[in-house]
Each structure stands twice: as structure tokens, then as C-alpha cells.
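FYI, it's all coordinate maths here, none of it is from the lab. Keep in mind that this is a model prediction, so the values were computed, not measured. Heads up, the Cβs are rebuilt from the backbone with ideal geometry, glycines too, and the neighbour counts pull from every protein chain shown.
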Amino acid sequence: MSDLLEIFLTAGFWAATIRIACPLILGTIGELICERAGVLNLGIEGIMTIGAMSGWMWVYQGGDLWTGLMFAAFIGALFGILHSMFTVHLGLSQHVSGIGITMLASSLSFFVFRMMLPSSTTPPKIVPFKPINIPGLSDMPFLGEAIFSHTPMTYFSFAVVPVVIYVLYRTPVGLAVRMSGENPMAVEAQGINVLTIRTAAVATGSAFMAVGGAYLTMSAFDAFYFGMINGRGWICVALVIFASWRPGKALLGALLFAGLDAMQVRAQQFAGGFIPYQFFLMLPYVLSIAAMIVMARRARYPKALLIPFRRGERI
Amino acid sequence: MRLEPRESVSFWLVLFAPIGAIGVALVLTSGLILWTGESIIEAYVSLLKGAFGSRFALAETLTRATPLMLTGLAAAVAFRARFWNIGAEGQLYCGALAATYLGTGLVTLHPAIMVPLLFIGGALAGGMALLLPVYLKSKLSVDEVVTTLLLNFVILLFVNYLLEGPWRDPMSMGWPQAASIIDEGVLPRIMEKSRLHLGFIIGIISAVLVWVVMRFTVWGYEIRAVGHNPSAATFAGISVNLTVLRVALISGGLAGFAGVTEVAGLKGYLTLDLSPGFGYAGIAVAMLANLHPLGVIASAIFLAGIYVGADSMSRAVNIPNYIADVMVAVSVLAVLVSLMLSQYRVRFR
């Protein structure tokens, strides 16, 4: 037990928690924006994969890191627009279309990767984002290592949350997005086009997901390999439910989740002898299910989630 | 742009819409072939030859179609009731676990009893894997998409643990694989000099049975009713929760069957790469068939053809075999749109 407590006292644990949380924060915020507008986006797993591949590939082909991120976001938004063509404009099942998008995006990522790098046994590497030490703060004894010496992308991931909260709750655009997810008729009555709002929200959300994927290849690691996302997208979908569709709670959920994941890796070192490692690896998935169970009763989902809007048709 | 429901939808439109959509999908993916610099015609011809060009190729395709048919049926039944079971991959492995547990020496019976026993065990295990998601959906309205998806990862890690730990075959030279199924439990081959086994026939029988149940029985009616409109079904006195439970057990059972056919029919023992995503591909199979159980037979063979053909195409011409997954994904999306357009007319004004 004291081993377990000691984990919390190492700065490395907190630094790892923050690193693991970033793709989850971006993915969860992205999914949350889509769902607040009334569109479930199960394309998330594939969009994170293609974000990871395209951002990495941009840099590998000689591009700059920040434009690489923008490229990943652009590709993510394209898949978001495709998803909204199917679900928002044609009113197809959001479940089925989302799974189709995941299949398409991940298979395209693998195909393009193999096409551009046909014979690579060892995965080629790029120079990822470097940790920057924030002057003054990074010299602090414990917090310096834990919080103030991360890559710029890490700070970016955390900065996204307050911005999204502000836009979603304090601007007319945010109001229109939330209203599209609750009562699209009322949006239409205000003379705002629901279909446009939803399309824009899904495109924006998907761009965040793609950047979340790109975090893995451009900040956390330096290479792209197949099976990299490994269910992180699905965990984000569970985290949105856990957060009851609130961006602030989504941040907390992602951090809590990342903390447990970071602990799991460290706990393997002293408990690995009598508990097989596979059970530690199961923890993230089991915890996601548990999180949904805990929050299920209190979850207040957007009223118009999953319901396609057709102008002039009664719901 | 405006969508208007068609007043009458002809049977031929519904039948040919998916076929036309697959044509469109193949045209779209030929853009990728163009990028590889190979000839499109040559690529598709070598794909077709690899899938159906010889007796051996055809047998390979049908062998690959066997698990796809079963996981496709699993998805089709569940999606009909709007129960989004995305966990066929995990349920397949549960079926394979049950077959391994029962079939590697626990009991030795005559093949005529042994083989059905394996299938019953596999179906039960597959169905049981869905009990938790069904319970959570019915009692706490927790979305089953996420729970079934996440359970896939949990089950796969559990299989990994068994194969590296207690179930590892001591004769396997260190490979993570379980002991072989005893001879009495192995599914007989149904075609000489090929790997095609009894599982294929079981897949076809399952499809016909599922069709009969869905089309002609009260259960099937209730399943379809719950899928169309749960509140109307409740009003008509149908228990939605009970129907969903039934659907889940049938769906999980079919996916469990797929695990049994792969362990006892194809491989002979359980490994970690038993299924290269058959559970997920089953969703594509079901979508291409418009969730029709008999259509699943055709679409499973079509998909298996793409996978087997793409493998041989990537050996013949220089195209990565991931193109198969792209083709399948584009086909699924195109078929979705085409089926929608067969129900609605698009008006521009």
C-alpha cells in the first residue's frame, strides 16, 4: 500500500498524467461539441487515427510542426463534414454512419501510410514537439517537473478547454450550437439554419479529435504505428457521458482517467509479480464502463441527440 | 435541397440500389489505384481472379466468408431491433474460449454430439458476453455502443492472459496458443484439397433460420416492432426489455458461433490472431445486406472476395492490401446513401 502512495509523491507520475490526458481532453472536447449540437460522432476512433497519421506525415515530408497540426485538423474537419453530410443533411443513422467513417478513416490512414512508406520495418521517426521549460516556474522543486516542463502542444490542449467553455456558454454561436442539440425547431424559429450549425459543429469537433490523435505522433511519441489509437476514441465517447456533456467536467474526467492510467503502469512494477499485466491493461476500459454506470442516473443528454432534423417535418 | 419520401418503393429499386452503390464505390476506390500507378483494369482483374478465379481461390473465399456470415448475422439481428451491438469481435472470442474449454479434452464424445456441444457452448458464451451491456441498457440506459465496444478490448486482453498463462499449450514452443481441439470436435472438411469446412454450411443454415425467425415468428415480429418504434411496441404490449435481451442472446450467440467455426474448423486451436477484425467486418456485411439475413450470405461472400482477392492482388501488383478495407468502408457508406435514396427523392429548388 505504501508503494501505491509513493507513486503520488513522484513528479514523474503527475507529468505522465498530464501527458496521457491531452489526447483524451482533445478527443472528448471534440466529441462533446458534436453531441451538444445533436450529432453522435462514432467516427472519432478513425478520425483520431487519420489525424495521427496525417499530422505526422506532414512533418515527415518536411513540413513544420504547427502547420502539420493545422493539416491534421483540416483532414479531421473534412471527415467531420463527410459525417455531417450523411447524418445532418441526409438524416442517416448516426451510429451506422459513424462506424462507416471510422472504417474509412482508419483504413485510408493505413493505406496512405503504406503507400508513402512501402518498406519500413522499423517505424521512421520525426522530431516531435520539444518540452519547453517555462522560465522561473520550471525551476520550482516539484511542480516544475510535474506541470511546467511540457511540450507546447500539451499547454495548447489544456488551453482549449476554457476557450470552448467560453464559446459554448458565453457567445451567440455557442448558444445556437447548444440549442441545435436541445430544440432544433427553436433554432429554426430564430432564423438560424440548424443544418449549417450542426455541420460546423461536427467539423470543428472532428478537427479537435484529429489534433488529439496528432498529439500522440507529434508530441507524446515520434512515430506512427498501426493500432496506435487503440480504443482511445471510444474511451472519449464514454468520457463525454461521464462528464454529462459539460466541458469542465470533461477536463476533470480526462485527468482522473489519465491519472488512473499512469498509476496502472507504475503499479505493474510492484504488483506485476502476482497480478498478470493484462489485468492492468484492462483497467482503462473497465473504468470507462464503470464511469458510465456511476454517472448514468445523473446524465442529462442533449434532447435532440441522434434525431435528424428535416425542415418542415414534425419530430 | 429537400428530401421527400417516395410514395411507393419498387422491389427492384431496393434490390439494385446496393449493387449500383457498390459499383460507385469501386469507381471511387480506383482513384487510389490510379495513385499507386498500376493499371486499374489489371488490378481489378487480379483481385477478381484471386477471389473467384480458381477452385482453390473460391474455396478460400468461402472459408473466409464463414465467420463473416455469422458476425454479419449477429449485427443484422441486433441492428434490426436498434440494439447497437458493436461487440461481435469480443463475443467471437468468447465463443472461441468456450470451444477451447470444452473441446481440448474436458470431455470426449462421439463427433455427432461433440460438434453440437461446441456450438452450443460457444453460443452461450457469446450471448453471455452481452448480458452486462443489456442489463446496463435496460436498467440504467447506458449506451450499449460504448459498453460493447469497450468490452471487446477487455475480452481480448483476457484471452491474451489465458494464452500466455494458464491455457498456454506446453507443446507450442512458447507461442501464445492454446491446446488443439481433439479430433472428435474438429469440423469436417466439405471440399477436397481445401480448407473449406462444415462451418460454411452452418453459416448458411443459420442465415436461413434467422430469416425464418425474423419473418414468420412472433419473436421476429416483436424484434422488428421494437426496432421500428419502441414506444408503439410498448403500447402494443411488447416488452421492450425482454425483446432486447432475446435479440442480444441471439446476436451474441451467432458471433460465438463464428468463434467456434474458426477454432474448430479452420485453425484447430485458439490464438490471439484468430480473428483479424471479423467482428467489425460483420457490421459492414450487415449494412451491405440492408440487415436482411439472406442478403448477409451474398454480402459476406462479396466481402470475403474483396479481402482474399486483395491479398493476392497485392502480391501480383504493387498495391498495399489495405485497399480492401478502404473498398469495404466506401461500399458501406455508398450503400447507406443508396438505400436512403431508394426511400426518399431528392428535390433541388
Do you know which of the residues in segment B:3-31 that are surrounded by fewer than 12 Cβ atoms within 10 Å (Cβ to Cβ) and aromatic (F, W, Y) is nearest to B:I319 (Cα to Cα)?
-> B:W12
If you take the residues in segment B:145-160 that are under 18 Å from the mean Cα position of the chain (by Cα) and within 20 Å of B:V77 (Cα to Cα), which one is nearest to the other protein chains (Cβ to nearest Cβ)?
-> B:L149
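I'd like the full set of residues that are under 10 Å from the mean Cα position of the chain (by Cα) and among the acidic types (D, E), limited to segment A:1-47.
The initial filter retains those residues of segment A:1-47 that are under 10 Å from the mean Cα position of the chain (by Cα), namely A:21-32, A:44-45, A:47.
If the condition is that a residue be under 10 Å from the mean Cα position of the chain (by Cα) and among the acidic types (D, E), then A:E31, A:E45 are the ones that fit.
Considering each of A:L104, A:L92 in turn, give the residue that is within 11 Å of chain B (Cβ to nearest Cβ), in a loop (DSSP other than H, G, I, E, B) and out of contact with any Ser or Thr (no Cβ under 9 Å at 6 or more places or on another chain).
A:L92
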Count of residues meeting criterion [outside any helix (DSSP H, G or I) and either of a type in the set (G, A, S) or farther than 25 Å from A:A207 by Cα (or both)] in segment A:227-270 | 4
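Consider B:A300 carefully, then state whether it is within 10 Å of another protein chain (Cβ to nearest Cβ) and not in a loop (DSSP other than H, G, I, E, B). Quick ask: steps written out before the conclusion?
Details: within 10 Å of another protein chain (Cβ to nearest Cβ): no; not in a loop (DSSP other than H, G, I, E, B): yes.
Considered against the rule, which asks whether it is within 10 Å of another protein chain (Cβ to nearest Cβ) and not in a loop (DSSP other than H, G, I, E, B), B:A300 comes out as no.
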All but one of (1) buried (at least 24 other Cβ atoms within 10 Å of the Cβ); (2) in a helix (DSSP H, G or I) hold for B:F79, so report the exception by its number.
-> (1)
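Give me a count of the residues in segment A:132-185 that are among the polar types (S, T, N, Q), assigned to a helix (DSSP H, G or I) and more than 27 Å from A:G68 (Cβ to Cβ). Step through it out loud before you land on a result.
As a first pass, look at segment A:132-185 and keep what is among the polar types (S, T, N, Q): A:133, A:138, A:149, A:151, A:154, A:157, A:171, A:180, A:183.
Those left that are additionally assigned to a helix (DSSP H, G or I): A:138, A:154, A:157, A:180.
Now narrow it down to the ones that are more than 27 Å from A:G68 (Cβ to Cβ): A:180.
So the count comes out to 1.
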When you scan segment B:214-230, how many residues do you find that are surrounded by fewer than 18 Cβ atoms within 10 Å (Cβ to Cβ) and in contact (Cβ under 8 Å) with a residue 12 or more places away in the chain?
-> 3
Quick one: how many residues across segment B:292-305 are closer than 30 Å to A:S84 by Cβ and either in contact with an Asp or Glu (Cβ under 8 Å, 6 or more places away or on another chain) or crowded, with 24+ Cβ neighbours inside 10 Å (or both)?
-> 3
Say we look at segment A:107-123 and pick out the residues that are more than 8 Å from chain B (Cβ to nearest Cβ), of a type outside the set (S, T, N, Q) and part of a loop (DSSP other than H, G, I, E, B); which of these is farthest from the chain's Cα centre (by Cα)?
-> A:L117
Taking segment A:90-119 as the search range and keeping residues that are among the β-branched types (V, I, T) and within 28 Å of B:L339 (Cα to Cα), which one is surrounded by the fewest Cβ atoms within 10 Å (Cβ to Cβ)?
-> A:V96
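Does any residue of segment B:322-339 turn out to be more than 10 Å from chain A (Cβ to nearest Cβ) and either outside any strand (DSSP E or B) or out of contact with any Lys or Arg (no Cβ under 9 Å at 6 or more places or on another chain) (or both)? Walk me through how you get there before you give the answer.
Looking only at segment B:322-339, we keep the residues that are more than 10 Å from chain A (Cβ to nearest Cβ), and these are B:338.
With the extra rule that they be either outside any strand (DSSP E or B) or out of contact with any Lys or Arg (no Cβ under 9 Å at 6 or more places or on another chain) (or both), the set shrinks to B:338.
Among the residues of segment B:322-339, at least one is more than 10 Å from chain A (Cβ to nearest Cβ) and either outside any strand (DSSP E or B) or out of contact with any Lys or Arg (no Cβ under 9 Å at 6 or more places or on another chain) (or both), which makes the answer yes.
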Search result, residues across segment A:296-308 that are buried (at least 19 other Cβ atoms within 10 Å of the Cβ) and more than 20 Å from the chain's Cα centre (by Cα) | A:A304, A:P308
A careful count of residues in segment A:206-252 that are over 23 Å from A:R178 (Cα atoms) and of a type in the set (K, R) gives 1
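Looking at A:F280, A:F257, can you tell me which residue is more than 10 Å from chain B (Cβ to nearest Cβ) and either surrounded by 16 or more Cβ atoms within 10 Å (Cβ to Cβ) or charged (D, E, K, R) (or both)?
On the way: A:F280 fails: more than 10 Å from chain B (Cβ to nearest Cβ).
A:F257 is the lone residue from the list that is more than 10 Å from chain B (Cβ to nearest Cβ) and either surrounded by 16 or more Cβ atoms within 10 Å (Cβ to Cβ) or charged (D, E, K, R) (or both).
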For segment B:22-71, how many residues are in contact (Cβ under 8 Å) with a residue 24 or more places away in the chain and part of a helix (DSSP H, G or I)?
-> 34
